[in-house]
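Contents: one structure, followed by commentary.
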Amino acid sequence: SAVNLREVHDFLIQIAYKAGDMVTSAKPAAAGHGTKKNSADLVTETDQAVEKMVSTELKAKSPDFEFMGEETYQPGDTLTSKPTFIVDPIDGTTNFFHGYPYMCVSLGLAIDKKPVVGVIYNPFTKALYTGIKGQGSQFTDPFHDRVKLPLRDPEPLQDLSHCLVAVEWGSDRDGNDYDVKTKTFRKLAGSKEIGGAMVHGIRSLGSAELNLCGVANGALDVYWETGCWAWDVCAGWVILEEAGGRMVGAHQGDWEPSVDQRRYMAVRGGEGREKVIEEFWGCVEGRVEVG
Ligand code: IPD
C-alpha cells in the first residue's frame, strides 16, 4: 500500500508519549468515573480525554484514515478495509482506577482489516513496545534505549506444564463465556491428579495489550482471553507476531462476532509451540472453532 508505515509508527510514538503524560498527571481516584455495561466495566474522564486528544491529533495528521476508539465505538460500527487507527486510550482502566501501575495507551493501525502498526506505552513504567508489519518489533526503555524483540533467543517451550500463562476475567461475568473461562482456568491450574495441566502459574494482570507485549518479549509463554475487542489486541498483535509469537484462534479482520467467539490465544516463539497450543485447547471446554 502507499501508506508509509514507518512514518505512522513514528507519529504514533509521539502521541503515545503525549497521552502518557495526560495519564500520569491525572488523579484517577479523584477524577470522574462511571460504568458502562456493568459494575466491572469502568470508564474514567481520563479515558475519554485521552481518546479525544488522540483522535484529534490523528485526524489532523491523516484525515483520510478512519478511526475506531474504545470510548467512541457504537454498536454496529464496522471496520472497513481502509487504513483505520484502532485505539484504546487506557487499556487497563480498572488498574488505572485503583492505582495499580499495569496499564497502557494502545495505538494501532489496521489496513485491509489487518493490524500493521502497533504502539503500546505504559506511562508508569515508561516501557514502550512498538512494531511494524514486516519490519520487526522493539522495546524502548525509560532512557529511550531501544532493543529488538524478543529480548533473547526463546528457550524451547517443552510443554504446557512449564508455561507461565496470562488469562483475564474481562468484564463479562455470566453466560456461557464466563463458564468457559472459569472451567478453563481451573483446568490450567489444577494438578495432573485432577486432570489439570498444572501450569507454572496463572497471571491475570488486567491489560490485554500489555499481556501481548509480555508474550512478545518472552516473559509470558501464553496469553488467552475470550471477549476481546479490536482495540484490546490490534497494536499488540503486530508487536507479538514481529517478535516471532503467534496469535491463534482469532478472527483477524472480523472483530465483531459474539462474545464466545472473540477468543485470542497468543503464544511466544520457540520450539514446541504447536504442542503447547494443542495442550491448551485441550483445557478449553466448549471451544469455538475459528480460522
Ligand atoms: C480491558 C483490559 C482487560 C481485559 C478486557 C479489556 P480496558 O480493557 O484489557 O485486561 O480483560 O477484556 O476490555 O477496558 O481496560 O480498556
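The values are calculated or read from the model by the stated rules, or taken from the named source; none is laboratory data. Model, not experiment: these values are computed from the prediction. In this analysis, Cβ positions are derived from the backbone assuming ideal geometry, glycine residues included, and neighbour counts consider all displayed protein chains.
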- line: Within the range 127-139, residues touching a residue at least 40 places away in the same chain (Cβ under 8 Å), closer than 20 Å to A19 by Cα and either not aliphatic (A, V, I, L, M) or not in a strand (DSSP E or B) (or both) come out as Y129, T130, G131, F139
- request: Filter the range 89-129 for residues that are in contact with a helix residue (DSSP H, G or I) (Cβ under 7 Å, 6 or more places away or on another chain) and of a type in the set (V, I, T) and give the result.
  value: I90, T93, V105, V116, V117, V119, I120
- prompt: Residue check: is C213 modelled with pLDDT of 95 or more and within 14 Å of the ligand (Cβ to nearest atom)?
  reply: yes
statement: R186 passes all but one of the listed conditions (1) more than 14 Å from the ligand (Cβ to nearest atom); (2) in contact with a Pro (Cβ under 7 Å, 6 or more places away or on another chain); (3) not in a loop (DSSP other than H, G, I, E, B); the exception is number (2)
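Every residue, every condition in (1) among the β-branched types (V, I, T); (2) touching an Asp or Glu at 6+ places or on another chain (Cβ under 6 Å); (3) in a strand (DSSP E or B); (4) without any contact (Cβ under 8 Å) to a residue 12 or more places away in the chain, yes or no:
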site	(1), (2), (3), (4)
A60	no, no, no, yes
P63	no, no, no, yes
F67	no, no, yes, no
E71	no, yes, no, no
P89	no, yes, yes, no
T94	yes, no, no, no
Y102	no, no, no, no
G108	no, no, yes, no
P115	no, no, yes, no
All positions within the range 218-244 that are within 13 Å of the ligand (Cβ to nearest atom) and part of a strand (DSSP E or B): Y223, W224, E225, T226
- line: Of those in the range 76-105 that are under 19 Å from L5 (Cβ atoms) and not aliphatic (A, V, I, L, M), the residue nearest to the ligand (Cβ to nearest atom) is F85
field: Residue list for the range 197-208, filter: more than 23 Å from the chain's Cα centre (by Cα) and either without any contact (Cβ under 8 Å) to a residue 40 or more places away in the chain or within 16 Å of the ligand (Cβ to nearest atom) (or both)
entry: M198
query: In the range 185-235, how many residues are more than 30 Å from L107 (Cα to Cα) and not hydrophobic (A, V, I, L, M, F, W, C)?
result: 9
